[in-house]
Amino acid sequence: MVVWSNAERSAISGVWGKVKTDEIGPQALARLLIVYPWTQRYFGSFGDLSSAAAVLGNPKVAAHGKILLGALDQAVKDLDNIKGTYSSLSQLHCDKLNVDPDNFRLLADCITIVVATKLGPSFSPQVQGTWTKLLAVVVAALSSCYF
Ligand code: HEG
């Protein structure tokens, strides 16, 4: 059972209030596909991913990035029930999409880098610690069907 202190809850809503999911999502997914190119194998239907410019300009990447961050929004809004929120998503990624769960952590790192770039100095080490905890819980919840 994950316990969130009031300070952690307010740090998370502070970060979330400063990011635009429509901006962060596409940027984070594009980073994943560029930095870790093997992740492109899951997005065969997305069209041209042949260069960084192609990934950054691909409308399907942008649209899917928004969907990803929409799912993160659900976690942020219900911090005490992240495992429940993601139970069917975990099943989908495991049974149908066959996504290697190591990739969840890589996407989490990309999200953190994009958020840090956006927030600048207000993304203090303390805030980063809480944010990293949130994403670790998200990754664990998405991975739950695999184990
Ligand atoms: Mg996944 C679909 C969320 C990591 C590959 N992902 C989806 C969907 C959501 C989601 C909400 C739509 C589900 C639906 O249509 O019912 N994904 C999600 C989260 C995270 C994540 C929250 C991690 C934080 N996904 C992830 C990673 C990969 C991946 C790391 C592959 C490297 N997701 C993937 C694929 C689809 C989804 C291939 C189907 C896309 C499509 O065909 O439109």
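The values are calculated or read from the model by the stated rules, or taken from the named source; none is laboratory data. The model shown is predicted, which means the values in this text are computed figures rather than measured ones. Cβ: placed from backbone, ideal geometry, glycine included. Neighbour counts: every protein chain shown. Protein only, heavy atoms only, side chains kept; ligands, DNA and RNA dropped before computing areas. Shrake-Rupley method; radii C 1.70, N 1.55, O 1.52, S 1.80 Å.
Under the rule that a partner needs its Cβ under 4.7 Å from the first Cβ, which Cys of the chain have none?
C110
Taking the Cβ of A75 as the centre, find all other residues whose Cβ is under 14 Å away and add up their charges (Lys, Arg: +1; Asp, Glu: -1).
On the way: positive: R9, K77, K83, K133; negative: E8, D73, D78, D80.
Charge balance near A75 sits at 0.
What is the extension gain from D100 to I67, computed as 0.36 nm multiplied by their sequence separation minus the C-alpha to C-alpha distance, in nm to one decimal?
Numbers: separation 33, 0.36 × 33 = 11.88 nm, distance 1.91 nm.
Gain on stretching D100 to I67: 10.0 nm.
Keeping every protein chain present and rolling a 1.4 Å probe, give me the accessible area per residue for the range 1-133 in Å².
Working: 7330 Å² over 133 residues.
On a per-residue basis, the range 1-133 sits at 55 Å².
Compute the semi-axes of the equivalent ellipsoid of the chain, taking the square root of 5 times each eigenvalue of the Cα gyration tensor, and list them largest first in whole Å.
On the way: eigenvalues 122, 77, 28 Å².
They are 25, 20, 12 Å, listed from largest to smallest.
Would you mind getting me the FRET efficiency between A52 and T117? Use the beta-carbon distance for r and R0 = 22 Å, nearest 0.05. Please list the in-between numbers first.
On the way: r = 16 Å, r/R0 = 0.73.
In this case the efficiency is close to 0.85.
Quick one: net charge around Y146, please, counting Lys, Arg +1 and Asp, Glu -1 for every other residue with C-beta under 10 Å from its C-beta.
Details: positive: none; negative: D95, D100.
Neighbour charge sum, excluding Y146 itself: -2.
May I ask you to evaluate 6.51 cos²θ - 1.76 cosθ + 1.60, the Karplus curve with θ = phi - 60°, for each residue of the range 18-24 and list the ³J(HN,Hα) values in order in whole Hz, giving x for glycine and proline?
9, 9, 9, 4, 5, 9, 5
Give me the percent of the accessible area of the range 8-59 that comes from carbon and sulfur atoms, probe 1.4 Å, all protein chains in place.
Working: 1560 of 2780 Å².
Carbon with sulfur: 56 percent of the solvent-accessible area.
With a point put 7 Å past each Cα toward its Cβ, work out how far N6 is from S88 in nm, to one decimal.
3.6
Enter the angle in degrees (range 0 to 90, nearest 10) between the Cα long axis of helix 59-77 and the first principal axis of the Cα atoms of the chain, meaning the one along which they spread out most.
20
Mind checking the dipole of the range 1-111: about its Cα centre, +1 per Lys or Arg Cβ, -1 per Asp or Glu Cβ, Debye to the nearest 20? Display every interim value, and only then the final one.
Working: 11 positive and 11 negative charges, 26 e Å.
The calculated dipole for the range 1-111 is roughly 120 debye.
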